[in-house]
Amino acid sequence: MAAPVMDERLEKYARLAVEVGANVQEGQTVFLSAMVEHAPLARALARASYGAGARYVDVRYVDQHVRRAMIELGPDEALEHTPEWLKTRFRATGGNANIATTGDPAPELMADLDGERVGRARMKELAEIVRDLMTERKINWTGIAYPNEGWAEKVFGEPDVERLWEAVAFCTRLDEPDPVAAWREHMRKLEDRAAQLNERTFDALHYRGPGTDFTIGLLPNTRWLSALFRTADGREYVPNMPTEEIFTTPDCRRAEGTIASTRPLALTGDVIEGLAFTVKDGKIVDVDARHGADLVRGELDVDDRARYFGEVALVDGASRVGQTGITFFDTLYDENATSHIAYGFGIPEAFDGEPGEGMNVSTVHTDFMVGSPELEVDGLTADGEAVPILRDETWQL
Amino acid sequence: MSNDRLDRYAELITRIGANVQPGQTVYVTALVEHAPLARALARAGYASGARLVDVRYVDQHVRRSFIEHVGEETLSESPPWVMARTEALADGGALIMISGDPEPELLADLDQARVSKARPVEASKRQLQAQTERTVNWTIAAYPTEGQAMQMFGEPDVERLWDAVASTVRLDEPDPVASWEAHTAKLRARCDLLDGLGFDAIHFSGPGTDLTVGLLPEAPWMGGGVSTASGISHVPNLPTEEVFTSPDWRRTEGTVRSTRPLHLGGTIVRGLEMRFEGGEVVEVEASSGAEAVRGELEVDEFAKRLGEVALVDGESRVGQTGLTFYDTLFDENATCHIAYGLGGFGIDGLDELTPEQIRERGINLSVVHTDFMIGGPEVDVDGITRDGRTVPILREDVWQLR
């Protein structure tokens, strides 16, 4: 009979995402995006959102298998098409809260399909609407992961969901007696670190390591940030759970050299191994990978600004994600294990004034990992002095 | 469960049920628990040349939280994006709805008045309008779940439920598509016979039942599939065993006792009895779940009037299983039934009339349409001619008209 069985950990996790992550406000509509396999978490998030005073919770379930059918059997015109109703729904998210769940239950579901079609299969107009909402900072939003069998299988080679749950609970501080307080303390530490970098006003960063010799310019009117964001009207939220990074939006016109990814990159449908880029005048001019290069190339061709950089992020060895020693094959986690860079859309929140020409604007934003104990990161001052920032994954400032 | 069976089922739903046309957008409505069938339908839809298959998953647990928490005015709201999707669907889309409740009593402990009110009224109206105006080729089919098997058999024997479903939808035939064509032809022949006799009323008599339902001369008997205004034939229910018509909402008199449990809004109604006066339900009793029915009858002014009367004989494959499915899609095909709420099926030209004009012609309009079973071997069904003669239609579940 009736009253659903509750999993206390799951309810606690959902409350953390609602209260600290999206910071749902009384009277807001909460838009949830989840895969069908994430239903238990989506249900807990709906309960937690109503508990926090949401006016209405709208859950949109996506199904990768339905998407696969479209890519495999559907007409060309279906690939990039955004239904009108979906545009209406996403436009309604402005001023409201948004929660998305990750944790791919079938990470290699698209691997045997035509990579070019997989790369093209994204709702273009929808991505543009989301990009504009992000630029205008109208949504308090967060992303959290749901441990599931397929994801656990990918991570551990066996569907040990409980082991994955323990790692997720550790990374999201759910193992703390008071997770909400632990998060406040953690965000304060990251804010301090961002403040240290802001005092230095470096002109560029230089990365040096195996396969990497890369310089990327920074902008004078940007700030380093932790993932404690505010909407334009002042609602505070934490867009990623976990988060261990401090980051900024680089000068998209100034990047040179070669940069090698140090971890597998999970894109929708396949896992890219051994990725490396050659960069000239800010633009990715060559893509190399042991596996999956076509999928990356497809994404870089989605629009004419996808080949430029939007984010540089620094993570040190104190990261809880890094401490697990696990490759999660999920950007939400892996980007918090180690330092990373993203091609595509920049970080509007990193500007004190209006974003200028230096910030990249694209419908793509993909983080790839570049950090490792061998990687050395220096800050370059305007007069050319090199100041060590990371050595052996230890913070130097 | 073999993937092959699921794929053949999806193909049957796509081709015979909705009859998806090349270039159409297919709208699928499913519960999250129906994902395997929704996925098979996506494959079958694209294989039939669909332009896009748009699956919308509904989650009963999220709905439960919604009913528990939202403000009174939000309960019946249709968000703009739900309206937009319904508008697009109404504009020549194909619609496939999957039924089969994995947790039939999930909402039973909630305030049933709120459960009844929790529906996007404007969007439901728009969808019913599209179905009435025949701009959409649509079908409803079931997906067997553990919860339903549990309720039916006392154990989560999904395989046994699959066998029952496969038999009722003729998936056990070597050529299910050909078998469906013969079956729908038989039902259409019955409709022609009933239309030719032009009865003024149908009378049901049996234990607890003495009910006369007045008919409309302009309302045809329907069964074995329908066509859209643009000529796409489709079979709105898989399975289907009924022939049915839209009765005169002003002319129902007497008492009726339901012969099977009714699954309604997350609760099970047992032993339902109703009394009609001047076409309107004036009394509702039940051994359990009466509140759910009373709540629904209050949804709008015309929910208390009949919108359908349907005849089913003992040859029904659903009836032959001897099972109660706790799902109207099946149970209404086991035996004769009536529905309170929306009527007007198969009557042309309604889209040019106002609701008042439609009702003046005796056709019921409501956002509600709930079927409940009143037939069985002990219930005699007669047709009453305009000059007052009584013609037997069903005796001991055997069809009498030839």
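List of remarks:
- Unique residue being more than 22 Å from B:I13 (Cβ to Cβ), surrounded by fewer than 19 Cβ atoms within 10 Å (Cβ to Cβ) and at pLDDT 95 or above when the list is B:E87, B:E72: B:E87
- Filter result (buried (at least 17 other Cβ atoms within 10 Å of the Cβ), more than 17 Å from the chain's Cα centre (by Cα) and at positive phi) within region B:257-281: B:G279
- Top-ranked residue of region B:51-67 - restricted to ones that are within 7 Å of chain A (Cβ to nearest Cβ) and β-branched (V, I, T), ranked as farthest from A:M35 (Cα to Cα): B:V53
- Exclusive hit being without any contact (Cβ under 8 Å) to a residue 40 or more places away in the chain and more than 9 Å from every other protein chain (Cβ to nearest Cβ), set B:E122, B:E73: B:E73
- Strands (runs of 3 or more DSSP E) contained entirely in region B:246-304, each with at least 1 residues that are among the aromatic types (F, W, Y) and in contact (Cβ under 8 Å) with a residue 60 or more places away in the chain: B:273-277
- Total residues in region B:19-42 satisfying the condition of being touching a helix residue (DSSP H, G or I) at 6+ places or on another chain (Cβ under 6 Å) and within 8 Å of chain A (Cβ to nearest Cβ): the figure is 4.
- Residue within region B:43-66 that is in contact with a helix residue (DSSP H, G or I) (Cβ under 7 Å, 6 or more places away or on another chain), crowded, with 17+ Cβ neighbours inside 10 Å, aromatic (F, W, Y) and touching a residue at least 24 places away in the same chain (Cβ under 8 Å) present: yes
- The numbered conditions (1) over 27 Å from B:T25 (Cβ atoms); (2) within 13 Å of another protein chain (Cβ to nearest Cβ); (3) assigned to a loop (DSSP other than H, G, I, E, B); (4) within 19 Å of the chain's Cα centre (by Cα) are all true for A:P147 except (2).
- Residue in region A:345-358 that is without any contact (Cβ under 8 Å) to a residue 12 or more places away in the chain and assigned by TED's automatic domain parsing to the domain that holds A:I389 present: yes
- Test for B:A182: is it on the phi < 0 side of the Ramachandran plot and outside the structural domain of B:G223 (by TED's automatic domain parsing): no
- Residue in region A:204-225 that is within 27 Å of A:I99 (Cα to Cα) and of a type in the set (D, E, K, R) present: yes
- Matching residues in region A:377-397 - criterion: being assigned to a strand (DSSP E or B) and of a type in the set (A, V, I, L, M, F, W, C): A:V377, A:L380, A:A386, A:V387, A:I389, A:L390, A:W395
- Boolean, A:V20 is buried (at least 18 other Cβ atoms within 10 Å of the Cβ), more than 9 Å from chain B (Cβ to nearest Cβ) and among the aliphatic types (A, V, I, L, M): yes
- Odd one out for B:V82 among (1) more than 8 Å from every other protein chain (Cβ to nearest Cβ); (2) buried (at least 19 other Cβ atoms within 10 Å of the Cβ); (3) of a type in the set (A, V, I, L, M): (1)
- Test: residue in region B:106-119 that is charged (D, E, K, R), surrounded by fewer than 19 Cβ atoms within 10 Å (Cβ to Cβ), more than 8 Å from chain A (Cβ to nearest Cβ) and in contact with a Leu (Cβ under 7 Å, 6 or more places away or on another chain): yes
- If you go through region B:303-353 and keep only what is aromatic (F, W, Y) and either out of contact with any Pro (no Cβ under 9 Å at 6 or more places or on another chain) or outside the structural domain of B:L365 (by TED's automatic domain parsing) (or both), you end up with B:F325, B:Y340.
- The listed residue being small (G, A, S), closer than 22 Å to B:V226 by Cα and without any contact (Cβ under 8 Å) to a residue 24 or more places away in the chain, out of B:G344, B:G349, B:G388: B:G349
- Restricting B:G383, B:G343 to those that are at pLDDT 95 or above and farther than 22 Å from B:T168 by Cβ reduces the list to B:G383.
- The set of residues in region B:237-261 that are farther than 19 Å from B:M97 by Cβ and at pLDDT below 95 comprises B:T259, B:R260, B:P261.
- When A:A289, A:A293, A:A260 are checked against the criterion of being of a type in the set (G, A, S) and under 16 Å from A:H340 (Cβ atoms), a single residue qualifies: A:A260.
- Only one entry of B:A84, B:A35, B:A40, B:A50 meets the criterion of being of a type in the set (A, V, I, L, M) and in contact with a Gly (Cβ under 8 Å, 6 or more places away or on another chain), and that entry is B:A50.
The values are calculated or read from the model by the stated rules, or taken from the named source; none is laboratory data. On a predicted model such as this, the values are computed, not experimentally measured, just so you know. For neighbour counting, all protein chains shown are included, and Cβ atoms are generated from backbone atoms with ideal geometry for every residue, glycine included.
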